[in-house]
Amino acid sequence: GGYVANSLAIMTDALHMLTDLSGIILTLLALWLSAKSPTKRFTFGFHRLEVLSAIISVLLVYILMAFLLYEAVQRTIHMDYEINGDIMLITAAVGVAVNLIMGFLLNQSGHLHSHSHSHPHSHVTQSNSPNTAHSSSHGHSSLAVRAAFVHALGDLVQSIGVLVAAYIIRFKPEYKIADPICTYIFSILVVLTTVRILCDTGVIILEGVPRHLNVDRIKEDLMKIEDVYSIEDLNVWSLTAGKTTAIVHLQLVPGSSSKWEEVQSKAQQLLLNTFGMYKCSVQLQSYKQEMSKTCASCQSSSA
């Protein structure tokens, strides 16, 4: 519709919709990849393909946005263009209608979902039972639906802006400058909605600590475990969004090497349950063994 009407505003609005479509595709891709088993070569699985897809889709969006911005600047300078106000108005009206329908469906879905799971169960379930996991996943789904509803409201506001611009251009063609102005505004919105994706993917590629975790807090809680003397090393990174991995190297207090299984179990439970790790590896070392190894290396070096 934007191409036929020669309207950059509608094409930029469509570009913003393309970013939403990319997010949905990446979510489906992540769900599909999470079901695939690791191979001998890719022992961590194929979760990072989601990150690569996110970067590629954002870069493609930026290329299209740069082209639209260039055209908007040319139109602002030369003003030698014509816009079909009727087609622009019809396309913008359809966009508003679709966003209204989507927002209504998401709102109804959120209400029905929360209502259907608001009644207490008549039976008691264990904390690690499938029912608990099922209700937890429904809670996350409800949050996702509400987040999508809020995002749909933002898209609706943008579509209304395009409709207003289309109305102005249709009945006041001399104010056609509203079209490139909308392109400038919507380009900023596209950048604001994608820069977070680039930042998050950059942290994942550089194997940084996810923003929701605090390494100092993890160390403090690990040190509270009985018979832990020190933390020699702690690495926390993400395979992809929502799948955090940790490797920790603990040193036991002198004389407690016989309790290593208990310490390892507590550390794993802390990382998996409290901090929500996807995978974790806990390495243990006796304090006396470390001292003896150090002394042996010192003796060999002095000799």
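The values are calculated or read from the model by the stated rules, or taken from the named source; none is laboratory data. The model shown is predicted, which means the values in this text are computed figures rather than measured ones. Note that each Cβ is placed from the backbone with ideal geometry, even for glycine, and that neighbours are counted across all protein chains shown. Ligands, DNA and RNA are stripped out before the accessible areas are found, and what is left, the full protein with its side chains, is counted by its heavy atoms. Shrake-Rupley method; radii C 1.70, N 1.55, O 1.52, S 1.80 Å.
What to note about this one:
- Ordered from highest to lowest accessible area with the whole protein assembly present and a 1.4 Å probe, 176, 219, 224 read as 224, 219, 176.
- Only protein heavy atoms count here; on that basis, with a 1.4 Å probe, residue 233 has an accessible area of about 70 Å².
- Set 36/224; 243/266; 36/259; 259/279 screened for pairs whose C-alpha atoms are more than 32 Å apart: 36/224; 36/259
- Positive-end ranking of 95, 78, 28 along the dipole of region 1-111, with charges on Cβ about the Cα centre, is headed by 28.
- Cα-centre dipole for region 215-286 with unit charges at Cβ (Lys and Arg positive, Asp and Glu negative), debye to 20: 260
- Ranking of 41, 211, 75, 196 by solvent-accessible surface, largest first: 41, 211, 196, 75 (1.4 Å probe, protein heavy atoms only, all chains present).
- Within-14-Å neighbourhood charge of residue 189 [Cβ basis; K, R +1; D, E -1]: -2
- Environment charge at residue 36 (Cβ cut-off 14 Å; Lys +1, Arg +1, Asp -1, Glu -1): +3
- Summarising the amide proton neighbourhood of residue 232: residues at separation of 5 or more, or on other chains, whose placed amide H is nearer than 5 Å comprise 249, 250, 251.
- Reported value for region 189-267: 89 Å³ per residue, from the convex hull of its C-alpha atoms.
- In order through region 54-65: 3J(HN,Hα) via Karplus (6.51 cos²θ - 1.76 cosθ + 1.60), integer Hz, x for Gly, Pro: 5, 5, 4, 5, 5, 5, 5, 4, 5, 5, 5, 5
- Overall, the ratio between the Cα radius of gyration of region 226-280 and 2.2 N^0.38 Å, rounded to two decimals, is 1.22.
- To put it simply, the accessible area of region 215-286 at a 1.4 Å probe is 43 percent carbon and sulfur.
- In this structure the amide hydrogen of residue 280, modeled in the peptide plane, comes within under 5 Å of the amide hydrogens of 246, none closer than 5 places in sequence on its chain.
- Estimated at the nearest 10 Å², the accessible area of residue 260 is 110 Å² with a 1.4 Å probe.
- The listed residues 42, 186, 67 rank as 67, 42, 186 when sorted by accessible area, largest first, using a 1.4 Å probe.
- 1.4 Å probe accessible area per residue over region 1-45, in Å²: 62
- Listed values for region 75-81 are Karplus-derived 3J(HN,Hα) couplings in whole Hz (6.51 cos²θ - 1.76 cosθ + 1.60, θ = phi - 60°), namely 5, 5, 6, 9, 6, 9, 9, and x replaces Gly and Pro.
- Computed with a 1.4 Å probe on the full set of protein chains, the accessible area for residue 79 sits at about 70 Å².
- Average accessible surface area per residue within region 215-286, 1.4 Å rolling probe, Å²: 51
- Net +/- balance of residues flanking residue 6 in space, Cβ distance below 14 Å, scoring K and R +1, D and E -1: -2
- Using θ = phi - 60° in the Karplus curve 6.51 cos²θ - 1.76 cosθ + 1.60, the 3J(HN,Hα) couplings for region 7-14 round to 10, 5, 4, 5, 5, 5, 4, 5 Hz; x is entered for Gly and Pro.
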